[in-house]
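One structure is given below, encoded as structure tokens.
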Amino acid sequence: MVISLDIPTVEAVNLMCGACGHLPLLLTSDGDFACADGHALPERDLVLETGEAWCVTPAGRLAYVTDPKHAVRVMSEAAAAMALPDGESEFADPHAAYAEASSALLAAAANGLRLPAGTEVAR
């Protein structure tokens, strides 16, 4: 028997230069981020939504991913929701929410973000 799971793939989102629209913003030798034309990313533009975290991809690109702590929180809430009767959960599909959050956690890890020591992940 073959079981197939449709697990969403979550990847880091690369940032585009606001001045010229080029992708990606790369780490420069002085520790800033700039596009290929040399436009530096102003620090005031480094604002994230709740649940997101900055990362530098293995290719040296500035990007953001789901914060690992946020992904673990969603995984825990989705795991608890799986035990509830249908219709009593805040999630339309707790299994899909768990799968998406676990994929986001893997994307964060692939881009160098780790969980704080002692963090427990619901299974």
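With respect to the numbered conditions (1) at pLDDT 85 or above; (2) open to solvent by 60 Å² or more (accessible area, probe 1.4 Å); (3) of a type outside the set (Phe, Trp, Tyr), which one is the sole condition not fulfilled by Leu26? The single condition Leu26 does not satisfy is (1). Need pairs with beta-carbon distance below 6 Å; first residue among the small types (Gly, Ala, Ser) and within the range 28-46, second outside any strand (DSSP E or B); sequence gap 6+ or separate chains. If the second residue must be outside any strand (DSSP E or B), the pairs left are Ala34/Thr28; Ala36/His22; Ala40/Asp32.
Set side by side, the residues Ala53, Ala19 differ, and just one is within 28 Å of Ala109 (Cβ to Cβ) and either in contact (Cβ under 8 Å) with a residue 40 or more places away in the chain or of a type outside the set (D, E, K, R) (or both), which is Ala53.
Quick one: in the range 70-90, of everything that is buried (at least 16 other Cβ atoms within 10 Å of the Cβ) and aliphatic (A, V, I, L, M), which residue is farthest from Leu115 (Cα to Cα)?
Among residues in the range 70-90 that are buried (at least 16 other Cβ atoms within 10 Å of the Cβ) and aliphatic (A, V, I, L, M), the one farthest from Leu115 (Cα to Cα) is Ala81.
Residues in the range 45-65 that are more than 20 Å from Phe33 (Cα to Cα) and part of a helix (DSSP H, G or I): 0 in all. The set of residues from the range 81-123 being touching a strand residue (DSSP E or B) at 6+ places or on another chain (Cβ under 8 Å) and not aliphatic (A, V, I, L, M) comprises Asn111, Gly112. Only residues that are among the hydroxyl-bearing types (Ser, Thr, Tyr) and part of a helix (DSSP H, G or I) were counted in the range 66-92, giving 1.
Residues considered: Gly60, Gly31. Of these, the only one that is among the small types (Gly, Ala, Ser) and either open to solvent by 40 Å² or more (accessible area, probe 1.4 Å) or modelled with pLDDT of 90 or more (or both) is Gly31.
Return yes or no: is Ala97 in contact with a helix residue (DSSP H, G or I) (Cβ under 7 Å, 6 or more places away or on another chain), free of Cβ contacts under 8 Å to residues at least 40 places away in the same chain and not in a loop (DSSP other than H, G, I, E, B)? Yes: the conditions hold for Ala97. Looking at Asp67, Asp37, just one residue is over 27 Å from Ala109 (Cβ atoms) and either loosely packed, with under 12 Cβ neighbours inside 10 Å or modelled with pLDDT of 90 or more (or both), and that residue is Asp37. Could we say that Asp93 is open to solvent by 70 Å² or more (accessible area, probe 1.4 Å), acidic (Asp, Glu) and under 23 Å from Met16 (Cα atoms) here? In short, no.
The values are calculated or read from the model by the stated rules, or taken from the named source; none is laboratory data. All values reported here derive from a predicted model rather than from experimental measurement. Ideal geometry is used to build each Cβ from the backbone, glycine not excepted, and the neighbour counts take in all protein chains shown. Surface areas here come from the heavy atoms of the whole protein model, side chains and all, with no ligands, DNA or RNA. Shrake-Rupley method; radii C 1.70, N 1.55, O 1.52, S 1.80 Å.
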